[in-house]
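These notes concern the structure reproduced below.
Please treat every number below as a calculation from the coordinates, not as lab data. The shown structure was predicted, so the numbers you read here are calculated from the model rather than taken from an experiment. Positions of Cβ are backbone-derived with ideal geometry, glycine not excepted, and every protein chain shown enters the neighbour counts.
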Amino acid sequence: MPALLQLDRVTRRYALPRRSLLRAPAPLTAVSNVSLTLARGETLGVVGESGSGKSTLARLAMGFERPDEGAVCFDGKDLARLSKPELKALRPRFQMVFQDPYGSLDPRRRVGWSVAEPLRVLRREEPAVIESQVNAVLERVGLRVEDARKYPHEFSGGQRQRIAIARGIVTSPDLLIADEAVSALDVSVQAQILNLLMDLRDDMGLGLFFISHDLQVVSSISDRIVVLRQGEIVDDGPTDDVMFRSRNAYTRSLMAAAGWRAARDGQSAATDR
Ligand SMILES: Nc1ncnc2c1ncn2[C@@H]1O[C@H](COP(=O)(O)OP(=O)(O)OP(=O)(O)O)[C@@H](O)[C@H]1O
Ligand SMILES: [Mg+2]
């Protein structure tokens, strides 16, 4: 069986604006030669500082952008080789949750409308079928059926992230890509949302591609971690190996910055948190 998500030596460059008439600036390499694999039911975490290429990686994995080199495959299919209708037909199977639900939830639309949108766009379902699916998914993420009639501003940040997750899972995808999905939330609310994502992963057999600048958050949910620095993978492995046994100086500096004593002393598991 092919991997759910596979990136094979993926590079993505952006052209920079021209400042001089004499020479064009060198393009910026946002993602450089990245290879990774994510299986069904597994959580792969990506951690890196701001500007390290995390969101670019998410857009590539979603097929929103194409790599300049290398291939992005979902369930064995190279996204760049699919026609628009083929990509659209595949879309229900891989969905994304963003950091800022205000970006993905239209403030003028009722929550039920926004949660139903992927179903309306991607599959032509009857309104009654859509409504019952929306109700089920709202309850699944810990909201109430009545919430479908409210507007995004009537909810707390954590509830809005639940709405965004409901929208992400309404098509019963195989893969959910979460880009800084809990970064805007308080620590206690973060924990609730992380628990919800882990429950959904286990119940639905979701593959979770979990991206965050926060090493502690990433380590709490991921089976394996990839460390990204300036667009390149500098370290990767099972979460405990990366957290406590990494020999990589950059990973250890991230750990130390996050306050993990193990990284500073080279101890095997103890932390001072
Ligand atoms: N559309 C674009 N055009 C030009 N440069 C871009 C574009 N998108 C991203 N970049 C650049 O690519 C690099 C990686 O950006 P990216 O948004 O992927 O980083 P990130 O790790 O998600 O950062 P953050 O943690 O701040 O969200 C940055 O230098 C950024 O300025
Ligand atoms: Mg980002």
Among trypsin sites (Lys or Arg not before Pro) in region 159-190, those in a DSSP loop whose Cβ has at most 11 other Cβ atoms within 10 Å are none
Excluding residues fewer than 8 positions from K77 in its own chain, the aspartates and glutamates with Cα under 18 Å of it are D8, E65, D68, E69, E86, D174
Residues meeting the amide H criterion for D235 (H placed from the backbone, H to H distance under 5 Å, 5 or more places apart or on another chain) are V227
Hits in region 24-58: amide N under 11 Å from the 7 Å Cα→Cβ extension of D199, namely none
Most exposed first, judged by fewest Cβ atoms within 10 angstrom, R9, R201 run R9, R201
Given a Förster distance of 25 Å, the FRET efficiency implied by the Cβ-Cβ spacing of A15 and D214, rounded to the nearest 0.05, works out to 0.25
Residue-ordered couplings for region 6-15, obtained by feeding phi - 60° into the Karplus form 6.51 cos²θ - 1.76 cosθ + 1.60 and rounding to whole Hz (Gly and Pro as x), are 9, 10, 10, 6, 8, 10, 9, 10, 10, 6
Site R108, offset 7 angstrom along Cα→Cβ, radius 19 Å on amide nitrogen, limited to region 132-163, gives 149-154
With R₀ set to 35 angstrom, the calculated FRET efficiency between the beta-carbons of V145 and D8, to the nearest 0.05, is 0.20
